[in-house]
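One structure below.
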Ligand code: NAP
Ligand code: GCO
């Protein structure tokens, strides 16, 4: 079905040097899109481009902090000049800090919200005007289980990802008439550098307690992999989802539907 093809489309995936962003950028490339990625650090961008090249994928890389509006506007202008107007934006860049809320500094809280919520606002604001002129656009915000649930130590992250869910719904509401669809992907617990601390083996070689906990809370009884997000991302980036708008697609192995394995 050509509905799932992205030939002729330009996609920007933020923070895609590795992890979930890398997998999503790879999937969009395999579907025919021309890919741009960014990271804050030049060496991170370089490593990412080398990895994509090793996978046979030609990607354009940019050093850009998504919280810096001037940086973002410069990057978007360069992409439009060097590749073309952005048809697909995946707001993937994000961080987490796992600190009990009463011990978290205001600066730490602000940093997480700045990157995970203000960043998607800044980059979306930069790409929407030319999506309107072009008559179409796809924005995919990478949300989280924490867009729906809380847990100890992730107050800033949950607040940001909850806000990102509502920003997704608001972009849908405000720009749907311009044939711009804005949806979210809510990954479950995915094995990437961001969750590595939650999966580290204990000194005696036993699984991390959180690892066992997540397995017990996931009907699929496994951690997700970045590859599990490839198909959902292509669907939401393609014409196959032109009447899907304001939706958060949870790719979580069933966590949100499940009370947890009985003892
Ligand atoms: P990751 O391995 O930590 O990668 C995050 C990427 O974002 C890095 O490449 C990082 O690159 C980039 N980044 C961070 N701050 C940035 C900034 N200010 N400007 C530009 N780039 C920035 O994380 P991941 O696990 O792949 O997660 C990717 C996204 O999925 C995040 O939004 C995360 O919250 C979300 N998510 C993850 C999981 C999971 O279980 N792993 C589940 C649900 C949602 P630099 O530091 O080099 O800039
Ligand atoms: C955590 C994890 C989660 C995942 C993801 C779940 O500490 O609970 O890092 O937040 O990153 O967001 O969807």
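A short reminder: the numbers here are calculations on the coordinates, not readings from a lab. If you're wondering where the values come from, they're calculated on a predicted model, not measured in any experiment. Cβ sites come from the backbone with ideal geometry, for glycine too, and all protein chains shown count toward neighbours.
Below, the figures for the structure above:
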{"quantity": "For the chain, built as a Gaussian network whose Cα springs stay under 10 Å, the top-fluctuating residue of 173, 206, 144", "calculated": "206"}
{"quantity": "Value at 222 nm in deg cm²/dmol, rounded to 500, when DSSP H runs of n ≥ 4 in the chain each add -39,500 (n - 2.57)", "calculated": "-12000 deg cm²/dmol"}
{"quantity": "More than 18 angstrom apart: percent of Cα pairs within the range 162-223", "calculated": "55"}
{"quantity": "For the range 1-127, the fraction of alpha-carbon pairs in successive 10 Å shells from zero, as %", "calculated": "13, 42, 30, 11, 3, 0"}
{"quantity": "Estimated D of the range 69-189 in µm² per second, where Rh is the Kirkwood radius over Cα pairs and Stokes-Einstein applies at 25 °C, 0.890 mPa s", "calculated": "163"}
{"quantity": "Cα gyration tensor shape of the range 137-263, rounded if a/c is under 1.5, else prolate or oblate by comparing a/b with b/c", "calculated": "prolate"}
{"quantity": "Cα-based Rg and Dmax for the chain, where Dmax is the largest Cα-Cα distance (Å)", "calculated": "18.0, 59"}
{"quantity": "Difference of contour (0.36 nm per residue) and Cα-Cα distance, residue 111 to residue 78", "calculated": "9.2 nm"}
{"quantity": "Cα long-axis angle, helix 155-175 against the chain (0 to 90 degrees, to the nearest 10)", "calculated": "30"}
{"quantity": "Rounded to 10°, Cα long-axis angle of helix 19-30 versus longest principal axis of the chain", "calculated": "40"}
{"quantity": "Shape of the range 71-127, Cα gyration tensor, a/c cut at 1.5", "calculated": "prolate"}
{"quantity": "Separation of the residue 178 and residue 222 label points, Cα + 7 Å toward Cβ, nm", "calculated": "4.1"}
{"quantity": "Efficiency of FRET from Cβ geometry, residue 51 and residue 198, R₀ 22 Å, rounded to 0.05", "calculated": "0.40"}
{"quantity": "Helix 69-82 axis, angle to the chain major axis (alpha carbon atoms, nearest 10°)", "calculated": "50"}
{"quantity": "Rounded to 5, the percent of DSSP beta bridges in the chain classed as antiparallel", "calculated": "0"}
{"quantity": "Förster radius 45 Å - calculated FRET efficiency between residue 95 and residue 133, Cβ distance, rounded to 0.05", "calculated": "0.85"}
{"quantity": "Extended-chain gain in nm, criterion 0.36 nm per residue less alpha-carbon gap, residue 70 and residue 7", "calculated": "19.7 nm"}
{"quantity": "Length-normalised contact order of the range 145-215 in % [C-alpha pairs under 8 Å, at least 6 apart]", "calculated": "21"}
{"quantity": "Calculated P(r) tail over 16 Å for the range 146-191, as whole % of Cα pairs", "calculated": "46"}
